[in-house]
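Take a look at the structure set out below.
The numbers here are math on the coordinates, done by the rules we state, and not lab data. These figures come from a predicted structure and were not determined experimentally. Cβ coordinates were reconstructed from backbone atoms using ideal geometry, including for glycine residues, and neighbour counts include every protein chain displayed.
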Amino acid sequence: MKERKIISVTVLNEHGVLSRIAGLFAGRGYNIESLTVAPIPDTNLSRFTIVTNGSTRVLEQIVKQLYKLIPTYKVIDNKEFVEKEMALVKIPLDTNLSGLDALLKGYNGTVANSGENYLVLLVADDSKRVSNFLKAVKKFNPIEIVRSGSVALEIE
Amino acid sequence: MELTGSQMVIEALKKEGVKTVFGYPGGAIMNVYDEIYKQDFFEHILTRHEQAAVHAADGYARATGKVGVAFVTSGPGFTNAVTGLATAYMDSVPIIVISGQVPISMIGTDAFQEVDAVGISRPCTKHNYLVKNVNELPKILKEAFYIARSGRPGPVHIDIPKDVTAQIGKFEYPEEISIPTYKPTYKGNAKQIKKAIEAMKQADRPIFYLGGGIVSSGAAELVRELVSFTGIPAVETLMARGVLRHDDPLLFGMLGMHGSYAANMAMSEADLIIALGPRFDDRVTGKLSEFAKHAKIIHVDIDPSSIGKIVKVDYPIVGDLKNVVEQMLPLAFDRIESSKYENWRELLRRYDQIHPLSFEDSDEVIKPQWVIKRTGEIVGDKAVISTDVGQHQMWTAQFYPFTYPRQFITSGGLGTMGFGFPAAIGAKKGVQEKLVINFSGDGSILMNIQELMTAVESKIPVINIILNNNFLGMVRQWQTFFYEKRYSQTDLSMQPDFVKLADSFGANGYRVEKKEDFEKALNEAIESNTVSIIDVVVDRFENVLPMVPAGGTLYNMMLEYKD
Ligand SMILES: Cc1ncc(C[n+]2csc(CCOP(=O)(O)OP(=O)(O)O)c2C)c(N)n1
């Protein structure tokens, strides 16, 4: 039985730490659904948000193996998280845009940029809702879509 | 104190009390070698291949428990060292490999002898460093030694660009070190330990499954006490040979693929497995769904990721074995009654009588097992034993009478042919007072045969006993059993003359074709106190038995092979 899991890893922000984590997943055959990383302001730490899936035993191993890396400070995996991801969608202005406003409203989306020929739309929401938005936005003939990985924060 | 990067390396080694290092120079590490030349605190042994330098550092570490050190240059020097790192990693051996690297300004340009060394070593080291600033070097060196030997030990690799070895920086070697992100758990959870002892008390058929962690932790004495007091029978992994004396009545031998019948039956019929520092390797468990089916499992290990990795554990205990067993002892004295397990011991003794470890000796040909047994009778605990990989390795584990931990040095996890001889060289540097004997095969010995020169030059009198079957014997055995005797690329009838070969390096060579000549050759080799090769012609088609075929079950061993 595979389950999906969010793991938040705080590491020392030092040379090669991304390759340690990515290499751990690749070398041991673990799945990465998404991986997001950025430094934590005013510290020498970085925070990885990793979305993965696997059996209970594999997920347990992933957490232990992450913790075993020398630069790993903290691994949080069993908390309740707020999880968000973001998508940017480029649609041509010469498309029929009727209904776009309602769609954006439904997903708390915005127009991030309005250019001469294209609009760039932005949504930031739960993974599932971002997927739904991307399905719905198809009728506006998007020519490019970019989607981020998840970022997550424990709620308590 | 202002020092160059190279001088810092030397100073750090002095502070760590390192007396012997192994290595091989080259362009990117030359500044360091210049400082090695100028100092006389430690001895540098020039091996004839970087792989051997790392295995020697590894053998030194396994024999002494101290951190082994090796130096190599960038590019091919480093890639040659990788097998050594991986070997040490799989067996949790504390070593430090320091490699040269091209200057920082040239990294990433595909410069001469540039290779992404830390990229390569990352998955086969406990930790690694690329030194980008000379001022970080003292801290990195201190950390490296600390990380290598603490927690679950392992190899650490430090890659130093050539310009960093020349730069001058402030040298302050930290006395103490604390790494906020690295805090191994040493003390076992008292509640868990109590529960484990209770489980031992409740059990009718408990068994100690002893692993290499006991050796790393220096816990063998305490484990001996725990075993003898509780009267609970024990089995050992390959890496734990010598934890108990071979003649301990509670020891039922090695378990696993070539373990004894009694040991594997004990695991299969036990109702409680008390795993002290093993890692449930697939060569030990056989088919997982059938492994220890009736047993609850206690697993003690300092590495949390080792617990629950392969099998479900009922009583996980994270901690240093020495501490945990120390915590267990008084509770065991209180709660456990050895007499309770008498029926169980009796059953195992019976298993041992029905199918003891044995071989059919012969007077026509020399049986490889006989050579090992005979060597054991002649030198016994006076010798530290290393091996290469193959049949000879398994026979050594089965038939040599080991009596103390660190007496047996073998590549267990990676199974590296070519390990034995350089590891023996390293071991001999560490335990000068002992004889060091390497049991090898005619295949394995050629994988680092150039080390004859190292041993002769540096006067390191290691004895190599080749159990010469003119085959890559272990692979041949599998071909016999599982490939209908299609001996694809395993016939080694084409051989060097090992006596002449030894002679050409200035070592002693002996060829033994008859049983009665063996003892004489061995005694001569010992008395000569010179590097020796004893080439013993053994039965070509002898098989290692009993055997659990890969993926088979422990309780269903192949006890004999009928042609
Ligand atoms: C470096 C390396 N290459 C290949 C193997 C696969 N292998 C395992 S045992 C073996 C045969 C070893 O032959 P030999 O050294 O003559 O020992 P024997 O089995 O005959 O005692 C081989 C090829 C290995 N373990 N290590």
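Details
- Stretched out straight at 0.36 nm per residue, the stretch from A:THR95 to A:GLU14 would grow longer than its current Cα-Cα span by 24.5 nm.
- Restricting attention to the protein assembly as shown, close to 40% of DSSP beta bridges with both partner residues there are antiparallel.
- Set of lysines with alpha-carbon distance to B:LYS485 below 17 Å, sequence-local pairs under 8 removed: B:LYS562
- For the segment B:120-129, counting C-beta atoms of other chains within 10 Å of every residue's C-beta and taking the mean gives 3.
- Under 12 Å, Cβ to Cβ, from A:SER19 - net charge with Lys/Arg +1 and Asp/Glu -1: 0
- The mean number of Cβ atoms from other chains found within 10 Å of a Cβ in peptide B:41-52 is 0, as a whole number.
- Vicinal HN-Hα couplings computed from phi for segment B:368-375 (Karplus, 6.51 cos²θ - 1.76 cosθ + 1.60; Hz; Gly/Pro x): x, 5, 5, 4, 5, 4, 5, 4
- Working from Cα pairs under 8 Å separated by at least six residues, relative contact order for chain B is 14 percent.
- Electrostatic bookkeeping for B:GLY108 treats Lys and Arg as +1 and Asp and Glu as -1; over the other residues with beta carbon under 13 Å from its beta carbon, the sum is -2.
- Between A:ARG28 and B:LYS14, the distance separating the two model label sites (each 7 Å from Cα on the Cα→Cβ line) works out to 4.2 nm.
- Selection from B:LEU272, B:PHE208, B:SER504, by position along the positive dipole direction of chain B (Cβ): B:LEU272
- Taking a ≥ b ≥ c as the square roots of the eigenvalues of the Cα gyration tensor, an a/c ratio of 1.5 or more together with a/b no larger than b/c marks chain B as oblate.
- When the square roots of the Cα gyration tensor eigenvalues are ordered a ≥ b ≥ c, the ratio a/c for segment B:190-354 is under 1.5, which makes its shape rounded.
- Beta bridge orientation in chain B: antiparallel %, DSSP, nearest 5: 10
- Qualifying trypsin sites (Lys or Arg not before Pro) in segment A:21-100, where qualification requires a DSSP coil assignment and no more than 16 other C-beta atoms within 10 Å, comprise A:ARG28, A:LYS79.
- When the square roots of the Cα gyration tensor eigenvalues are ordered a ≥ b ≥ c, the ratio a/c for segment B:25-118 is 1.5 or more and a/b does not exceed b/c, which makes its shape oblate.
- Per-residue mean of C-beta atoms belonging to partner chains within 10 Å, peptide A:66-75: 4
- Relative to the longest principal axis of the Cα atoms of chain A, the long axis of helix A:127-136 lies at roughly 20 degrees.
- Extension gain from B:ARG335 to B:GLN353, taking 0.36 nm per residue of separation minus the Cα-Cα distance: 3.4 nm
- Dipole orientation for the protein assembly as shown: of the candidates B:THR403, A:SER34, B:TYR261, A:SER34 has the Cα lying most toward the positive pole (charges on Cβ; Lys, Arg +1; Asp, Glu -1).
- Dipole in debye (nearest 20) - segment A:3-78, about Cα centre, beta carbon charges: Lys, Arg +1; Asp, Glu -1: 200
- Ranked by the mean number of other Cβ atoms within 10 Å of their residues, highest first, the peptides B:386-398, B:147-159 fall in the order B:386-398, B:147-159.
- Extension gain for the segment B:ILE168 to B:PHE42, taken as residue separation times 0.36 nm less the Cα-Cα distance, is 43.1 nm to one decimal.
- The Cβ shell under 15 Å around B:ALA263 holds other residues with a net charge of +1, Lys and Arg each +1, Asp and Glu each -1.
- Calculated FRET value between A:THR43 and B:LEU559, using beta carbons and R₀ = 60 Å, to 0.05: 0.45
- Amide H partners (placed H, <5 Å) of B:ASN470, local residues excluded: B:ASP442
- Using C-alpha pairs under 8 Å with a sequence gap of at least 6, the mean separation divided by the residue count of segment A:107-156 gives a relative contact order of 24 percent.
- Tilt relative to chain A, helix A:56-68 - C-alpha long axis, 0 to 90 degrees, to 10: 70
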